[in-house]
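Structure first, commentary second.
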Amino acid sequence: MQCLNRSVSLPLARRLLARHLSTKLFVGGLSYDTNETVLKDAFGKYGEIIEVKVICHRVYGESKGYGFVQFSSEAAASTALKEMDGQLLDDRNIRVHYAHKWS
C-alpha cells in the first residue's frame, strides 16, 4: 500500500487552517498562579503574539494548568517552542507543543 501525501490533496480551506494552527502553541504544566500577562511576557520575546489564553475552570475560575499562545508567524512559534519547552516558569517546568484541533 502506498502512502499519500495528504497535504497535497487537502482543500485550500483545510490547508489554511493547518497553517493557522502551526502558529498556535499549547503550553502545559503551568502553575495555577500563572496568568495571561505572565505567559505573554515569557513568550513575547520570540515574536508578535496575537492571543494568549490560560484555560480556567468555568465554575470556579481557577486555572486548569494549561493555556495557549498564538503567534503572528510560524517562525516565531517554532522558535518559542524550541526555546520554551522544558523551561521554568513560575517555579514549574512547562511543556510546549503545537496546538492541535481535536475532531
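The values are calculated or read from the model by the stated rules, or taken from the named source; none is laboratory data. Keep in mind that what you see is a predicted model, and the values were worked out from it rather than measured. Cβ: placed from backbone, ideal geometry, glycine included. Neighbour counts: every protein chain shown.
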(request) Sort out which residues of region 61-96 are over 12 Å from V27 (Cα atoms) and in a loop (DSSP other than H, G, I, E, B), and write them in order of number. (result) G61, E62, S72, S73, D90, D91
(message) Among the residues in region 13-23, are any in a strand (DSSP E or B), at pLDDT below 95 and touching a strand residue (DSSP E or B) at 6+ places or on another chain (Cβ under 7 Å)?
(response) no
(request) Residues being under 14 Å from N35 (Cβ atoms), touching a residue at least 40 places away in the same chain (Cβ under 8 Å) and buried (at least 18 other Cβ atoms within 10 Å of the Cβ): count how many of those fall in region 46-93. (result) 3
(request) Mind listing whichever residues of region 42-60 are of a type in the set (A, V, I, L, M) and either modelled with pLDDT of 95 or more or assigned to a strand (DSSP E or B) (or both)? (result) A42, I49, I50, V52, V54, I55
